[in-house]
Amino acid sequence: MAPNQPKLLDQVRWRIGTLHFSIRTEQAYVDWMRRFILCHQKRHPVEMGKTESEALLTYLAVEKQVSASTQSQALSGHKDVRPP
């Protein structure tokens, strides 16, 4: 990361702001992005792809037994708002 470049989650917050999402959506997406990163040993999201996304969704469905809408939000929270 460049010395003056904002941290990843700050970049995500900025990206969400440019999409005009609500503050609650921002909070949820940032939380899901954080969980996604922690779930994969703090790897940067640009290093991950479909396999890691599927692993998170499988974990949520099988282990946590979350609803389909929660899985959808989790996927959006780390896929659709990646910094430019």
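The values are calculated or read from the model by the stated rules, or taken from the named source; none is laboratory data. Everything numeric in this text was worked out from a predicted model, so none of it was measured. Ideal geometry is used to build each Cβ from the backbone, glycine not excepted, and the neighbour counts take in all protein chains shown.
Table: residues versus (1) assigned to a helix (DSSP H, G or I); (2) loosely packed, with under 13 Cβ neighbours inside 10 Å; (3) within 14 Å of the chain's Cα centre (by Cα); (4) of a type outside the set (Val, Ile, Thr).
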{"site": "His20", "(1), (2), (3), (4)": "no, yes, no, yes"}
{"site": "Glu26", "(1), (2), (3), (4)": "yes, no, yes, yes"}
{"site": "Met33", "(1), (2), (3), (4)": "yes, no, yes, yes"}
{"site": "Ile37", "(1), (2), (3), (4)": "yes, no, yes, no"}
{"site": "Glu52", "(1), (2), (3), (4)": "yes, no, yes, yes"}
{"site": "Thr58", "(1), (2), (3), (4)": "yes, yes, no, no"}
{"site": "Ser69", "(1), (2), (3), (4)": "yes, yes, no, yes"}
{"site": "Ser76", "(1), (2), (3), (4)": "yes, no, yes, yes"}
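Find the residue count for the stretch 39-50, including only residues that are outside any helix (DSSP H, G or I) and exposed (fewer than 11 other Cβ atoms within 10 Å of the Cβ). Steps first, answer last, please.
To start, the set of residues in the stretch 39-50 that are outside any helix (DSSP H, G or I) comprises 40-44, 48-49.
Now drop any that are not exposed (fewer than 11 other Cβ atoms within 10 Å of the Cβ), which leaves 41-42, 44, 49.
The qualifying residues number 4.
Just one of the numbered conditions (1) modelled with pLDDT of 90 or more; (2) more than 14 Å from the chain's Cα centre (by Cα); (3) not in a helix (DSSP H, G or I) is not true of Met1: (1).
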